[in-house]
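*Asks:* If you scroll down you'll find the structure; I have some questions about it.
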Amino acid sequence: PVTPDLLVSPSSQDGDLGSECPEDRGNWTGRLDFLLSCIGYCVGLGNVWRFPYRAYTNGGGAFLVPYFIMLAICGIPIFFMELSLGQFSSLGPLAVWKISPLFKGVGMGTILIVSLVAIYYNMIIAYVLFYLFASLTSDLPWQHCGNWWNTDLCLDHHVIKAGNTTFPVNITDTVSPSEEYWSRYVLHIQGSSGIGDPGRIRWNLCLCLLLSWTIVYLCILKGVKSSGKVVYFTATFPYLILVMLLIRGVTLEGAWKGIRFYLTPQFDHLLSSKVWIEAALQIFYSLGVGFGGLLTFASYNTFHQNIYRDTFIVTLGNAITSILAGFAIFSVLGYMSQELGVPVNQVAKAGPGLAFVVYPQAMTMLPLSPFWSFLFFFMLLTLGLDSQFAFMETIVTAVTDEFPYYLRPKKASFSAVICIALFLMGLILTTEGGMYWLVLLDDYSAGFGLMVIVITTCLVVTRVYGMKRFCRDIHMMLGFKPGPYFRACWMVLSPATMMSLLVYNIVKYQPSEYGTYRFPTWAEVLGILMGVLSCLMIPLGMVVAVLREEGTLWERVQQASRPAMDWGPSLEENRTGMYVASLAGSQSPKPLMVHMRKYGGITSYENTAIEVDREMEEEEEEESMM
C-alpha cells in the first residue's frame with residue numbers, strides 16, 4: 001500500500017520543489033522591517049508638496065473632515081485588503097491572481113503602471129540630488145540675479161530689502177532668481193519649444209539620474225533583506241528633519257500668518273463635491289493602494305503577522321505626517337510672504353513648483369541658508385527613495401514569482417537589468433524638454449487606469465472569490481474575522497467611492513499643461529493611451545485564461561474564475577482547514593487532523609482552523625437541506 005504523503009514524517013521526505021520555493025523567496029529579517037518599509041512607502045513626496053496645498057485650496061482646516069472620512073471609507077479598508085492578500089498567499093502582484101486566474105490581467109496592469117511611475121519618480125529624485133549638491137556651497141546659486149541664466153525680469157528680494165522701500169515695488173511681472181535657476185539652468189527649458197522638441201540631453205541631470213538608479217539598485221540588491229535595513233534610516237530620518245524645519249519655521253516672523261492661512265476652516269467648502277473628491281484622491285495616492293507595493297511587502301511577512309494593527313499604525317501615521325508637513329511648509333511661506341510684502345496665496349504652490357522654486361527661495365531668506373537647504377533636500381531624498389524601493393521591489397517580485405526556478409537564484413542580476421532598462425527609458429526626461437514628458441507621465445500613467453485596477457481588485461475579492469471565503473482566510477491567518485465595518489466598506493462603500501472618483505476624473509478631464517504651455521493633441525492621445533493600456537490588460541488576461549481552459553465558453557469562464565488548485569498559504573505548516581486537501585499527495589479524509597499529527601500539538605491558530613472547518617461543514621449541511 002502507498003503511504004499518503006501527509007502521513008509521512010517531515011524528516012523522511014526529500015522535500016519537493018514546492019516547499020523549497022518560499023524559503024528561497026526570503027522574508028523580512030527584523031520585526032520592524034515591514035512596518036518601517038510600509039511607512040517609508042506611504043510617506044513620500046506627496047505628503048510634503050501636495051497635501052498642504054490641497055488642504056488650503058479646499059477649505060483649510062475644514063478639509064480635514066472629508067480627509068479623515070475618506071481615510072475611513074476608502075483608505076484603511078483597501079489598505080488592509082491588499083496586505084491580507086499578500087500575506088495570506090506570500091505571492092507578488094502577478095502570482096497572487098491564482099485567487100482567480102481569469103483576472104490575472106489586473107496584475108499585468110499594475111506592473112505596467114508601476115514601471116511608468118518608477119521611470120519619472122526617479123527623475124524627481126535626480127532633481128533632488130542636483131539641488132542637494134548645489135546646496136554644498138557658502139552662497140546658494142539661486143540666491144541672486146546676475147548669473148548667465150538670469151533675464152532682465154529677474155528681481156532679487158535682497159535688493160528690495162536693502163534699498164529704499166518707501167515706494168511700492170510691482171513684482172507681478174518679475175521672476176524670482178530661484179524660478180529662473182530651476183527653469184533656465186537646471187531644466188534649460190528655453191532650449192526646447194515643446195514636448196515634440198526634446199532638445200539635447202542635460203548631462204549633469206543625466207549623471208544625477210544615473211546616481212539615483214545606482215543608489216536604488218544597491219539598496220534593493222538583496223531584495224527585502226537589504227531594503228528592509230535601509231528603511232530604518234530612510235523612513236525615520238525625514239521625521240527628524242521635518243521636526244527641525246517645523247521648529248525653525250514657527251520661530252520665524254510672520255510664520256503664524258502662513259499657518260492661519262493653512263488651517264483657518266472654511267466650512268462652506270464642505271458643500272462642494274470637489275472637496276470630497278480631492279480628499280479621496282489625496283488618500284488614494286498618498287497610501288499607495290493599487291500600486292502593488294503593499295501587497296509585495298506583506299508577501300514577505302510571516303503568516304501570522306498582525307497586519308490589522310500595522311494597517312492603523314501606517315494609515316494614521318501617514319495622515320498625521322501630512323498635517324505636520326503642512327505646518328513646516330506654511331510657517332516658512334508665511335515668513336516669506338511677510339518678507340516680500342505679498343499675500344500667502346501668491347507664494348503658495350504645489351508639486352515641483354513648491355519643492356524646487358518656492359521653498360528654495362524661502363531658504364535664501366534665512367541665516368545659514370545652505371544648511372537649511374541641504375536639510376530640506378536631504379529630507380526629500382529620503383522620502384523619495386523608500387517609495388522608489390517599493391516600486392522596484394514590486395516589479396522584481398512580480399516577475400520572479402512567475403518564474404521562480406529561473407529568476408530567484410539570479411535576482412540581483414535581474415534587478416540590475418530592470419534598473420538599466422528603466423534608466424535608459426528615463427533618458428528622455430533628462431533632455432531640455434524633459435519636464436514636458438515628466439508632466440505627461442505624472443498626469444496619465446497612474447490616473448484612471450489605477451482606479452480601474454483598484455475597483456476590479458475590490459470586486460473580484462468580494463464578489464468572485466467571495467466575501468465569506470476572504471473573511472475565513474483572514475480568520476485563519478490572524479485568529480479573528482474582519483468586523484462589519486470592513487465588510488461594509490469592501491462590499492459597498494469603497495468600490496462606490498472609487499467609482500465616483502473615476503467618473504469625476506473622466507467628466508472633469510482637463511488637458512495637461514505646464515505653466516503657459518498647452519500640450520498638443522498627439523501628446524494628449526499618447527497620455528490617454530498610457531492609461532487605457534493598463535485597463536486593456538484586464539480583458540487581455542481574461543482571453544488568455546479562457547483559452548487555457550477546456551469545455552464550452554461559459555464552462556471555461558467558470559473554471560478560470562475559480563481559485564487555482566495551489567491557491568492558499570505558501571508554507572505547508574500554514575495550510576490548515578480546507579487548504580490541506582489541496583496539497584500534492586493529500587489522500588486523507590480528515591486532512592486537518594493529519595496536519596496536526598504531522599506538525600504536532602494544537603496551537604491557537606489550529607483551533608481557529610477547527611472552527612473554520614466546523615463552519616464549512618454547517619454551511620454544506622444547510623445547502624444540502626435547501
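*Asks:* Any chance the stretch 93-109 includes a residue that's more than 24 Å from Gln361 (Cα to Cα) and surrounded by fewer than 18 Cβ atoms within 10 Å (Cβ to Cβ)?
*Replies:* Checking the stretch 93-109: at least one residue is more than 24 Å from Gln361 (Cα to Cα) and surrounded by fewer than 18 Cβ atoms within 10 Å (Cβ to Cβ).
*Asks:* Out of all the residues in the stretch 55-70, is one or more in a helix (DSSP H, G or I), at pLDDT 90 or above and closer than 24 Å to Met467 by Cβ?
*Replies:* Taking every residue of the stretch 55-70 in turn, at least one turns out to be in a helix (DSSP H, G or I), at pLDDT 90 or above and closer than 24 Å to Met467 by Cβ.
Residue by residue, here is whether (1) open to solvent by less than 10 Å² (accessible area, probe 1.4 Å); (2) part of a loop (DSSP other than H, G, I, E, B); (3) touching a residue at least 24 places away in the same chain (Cβ under 8 Å); (4) charged (D, E, K, R) holds:
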residue	(1), (2), (3), (4)
Asp173	no, yes, no, yes
Ser178	yes, no, yes, no
Ser183	no, no, no, no
Gly199	no, yes, yes, no
Leu205	yes, no, yes, no
Leu209	yes, no, yes, no
Ser212	yes, no, yes, no
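*Asks:* Of the residues that sit in the stretch 343-354 and are in contact (Cβ under 8 Å) with a residue 40 or more places away in the chain and surrounded by fewer than 23 Cβ atoms within 10 Å (Cβ to Cβ), which one is nearest to Met244 (Cα to Cα)? Lay out the reasoning, then the answer.
*Replies:* Just the residues of the stretch 343-354 that are in contact (Cβ under 8 Å) with a residue 40 or more places away in the chain, to begin with: 344-345, 348-352, 354.
If we keep only those that are surrounded by fewer than 23 Cβ atoms within 10 Å (Cβ to Cβ) as well, we get 344-345, 349-352, 354.
Numbers: Val344: 22, Asn345: 24, Lys349: 22, Ala350: 22, Gly351: 22, Pro352: 22, Leu354: 19 Å.
The residue in question is Leu354.
*Asks:* Look at Ser512 and say whether it is crowded, with 16+ Cβ neighbours inside 10 Å and touching an Asp or Glu at 6+ places or on another chain (Cβ under 9 Å). Lay out the reasoning, then the answer.
*Replies:* Numbers: crowded, with 16+ Cβ neighbours inside 10 Å: yes; touching an Asp or Glu at 6+ places or on another chain (Cβ under 9 Å): yes.
Yes: the conditions hold for Ser512.
*Asks:* Looking only at the stretch 533-576, count every residue that is within 24 Å of Phe291 (Cα to Cα), surrounded by 14 or more Cβ atoms within 10 Å (Cβ to Cβ) and among the β-branched types (Val, Ile, Thr) and tell me the total.
*Replies:* Summing the residues that are within 24 Å of Phe291 (Cα to Cα), surrounded by 14 or more Cβ atoms within 10 Å (Cβ to Cβ) and among the β-branched types (Val, Ile, Thr) in the stretch 533-576 gives 2.
*Asks:* Where in the stretch 290-350 are there helices (runs of 4 or more DSSP H), lying fully within it, with 2 or more residues that are under 30 Å from Pro495 (Cβ atoms)?
*Replies:* 293-298, 307-340
*Asks:* Sticking with this one: Can you tell me which condition Met451 does not meet? The list is (1) modelled with pLDDT of 95 or more; (2) touching a Gly at 6+ places or on another chain (Cβ under 8 Å), and all the others hold.
*Replies:* The one condition Met451 does not meet is (1).
*Asks:* Can you spot a residue in the stretch 441-459 that is farther than 28 Å from Lys508 by Cβ and surrounded by fewer than 23 Cβ atoms within 10 Å (Cβ to Cβ)?
*Replies:* Within the stretch 441-459, not a single residue is farther than 28 Å from Lys508 by Cβ and surrounded by fewer than 23 Cβ atoms within 10 Å (Cβ to Cβ).
*Asks:* Collect the residues in the stretch 214-267 that are in a helix (DSSP H, G or I), out of contact with any helix residue (DSSP H, G or I) (no Cβ under 6 Å at 6 or more places or on another chain) and of a type in the set (D, E, K, R), keeping them in residue-number order.
*Replies:* Listed by number, the residues that qualify are Lys225, Lys229, Arg248, Arg260.
*Asks:* Also, I was wondering about something else. Determine whether Met425 is open to solvent by less than 40 Å² (accessible area, probe 1.4 Å) and out of contact with any strand residue (DSSP E or B) (no Cβ under 7 Å at 6 or more places or on another chain).
*Replies:* no
*Asks:* Of the numbered conditions (1) open to solvent by 10 Å² or more (accessible area, probe 1.4 Å); (2) under 19 Å from Pro66 (Cβ atoms); (3) in contact (Cβ under 8 Å) with a residue 12 or more places away in the chain, Leu340 satisfies every one except a single condition; which is it?
*Replies:* All conditions pass for Leu340, except number (2).
*Asks:* On to the next question. Considering only residues that are of a type outside the set (S, T, N, Q) and at pLDDT 90 or above, which ones fall in the stretch 166-193?
*Replies:* Pro177, Glu179, Glu180, Tyr181, Trp182, Arg184, Tyr185, Val186, Leu187, His188, Ile189, Gly191 - these are the residues of the stretch 166-193 that are of a type outside the set (S, T, N, Q) and at pLDDT 90 or above.
*Asks:* To continue, here is another question. For Leu271, only one of the following conditions fails: (1) without any contact (Cβ under 8 Å) to a residue 60 or more places away in the chain; (2) open to solvent by less than 10 Å² (accessible area, probe 1.4 Å). What is its number?
*Replies:* (2)
*Asks:* Something else now. Quick one: in the stretch 10-39, of everything that is modelled with pLDDT of 50 or more and open to solvent by 60 Å² or more (accessible area, probe 1.4 Å), which residue is nearest to the chain's Cα centre (by Cα)?
*Replies:* Leu32
*Asks:* Shifting gears a bit: Are any of the residues in the stretch 51-64 open to solvent by 20 Å² or more (accessible area, probe 1.4 Å), among the basic types (Lys, Arg) and touching a residue at least 24 places away in the same chain (Cβ under 8 Å)?
*Replies:* The answer is yes, given that some residue of the stretch 51-64 is open to solvent by 20 Å² or more (accessible area, probe 1.4 Å), among the basic types (Lys, Arg) and touching a residue at least 24 places away in the same chain (Cβ under 8 Å).
*Asks:* Can you tell me how many residues within the stretch 433-448 are touching a Leu at 6+ places or on another chain (Cβ under 9 Å) and either in a helix (DSSP H, G or I) or modelled with pLDDT of 95 or more (or both)?
*Replies:* Of the residues in that region, 8 qualify.
*Asks:* Among the residues of the stretch 246-265, count how many are aromatic (Phe, Trp, Tyr) and within 14 Å of Val347 (Cα to Cα).
*Replies:* Qualifying residue count for the region: 2.
*Asks:* If you don't mind, there's one more thing I want to ask. Output the number of residues of the stretch 365-390 satisfying the condition of being among the β-branched types (Val, Ile, Thr) and open to solvent by 10 Å² or more (accessible area, probe 1.4 Å).
*Replies:* 0
*Asks:* Evaluate the following for Tyr262: is it surrounded by fewer than 18 Cβ atoms within 10 Å (Cβ to Cβ) and either within 14 Å of Ser37 (Cβ to Cβ) or under 28 Å from the mean Cα position of the chain (by Cα) (or both)?
*Replies:* Spelling it out, it is not the case that Tyr262 is surrounded by fewer than 18 Cβ atoms within 10 Å (Cβ to Cβ) and either within 14 Å of Ser37 (Cβ to Cβ) or under 28 Å from the mean Cα position of the chain (by Cα) (or both).
*Asks:* A further question follows. Out of the residues in the stretch 479-489 that are in a helix (DSSP H, G or I) and open to solvent by 20 Å² or more (accessible area, probe 1.4 Å), which is farthest from Phe79 (Cα to Cα)?
*Replies:* Top of the filtered list is Pro484.
The values are calculated or read from the model by the stated rules, or taken from the named source; none is laboratory data. Just so you know, these numbers come straight off a predicted model, no measurement behind them. Cβ atoms come from the backbone with ideal geometry, glycine included; neighbour counts cover every protein chain shown. The area values use the complete protein model at the heavy-atom level, side chains included, leaving out ligands, DNA and RNA. Shrake-Rupley method; radii C 1.70, N 1.55, O 1.52, S 1.80 Å.
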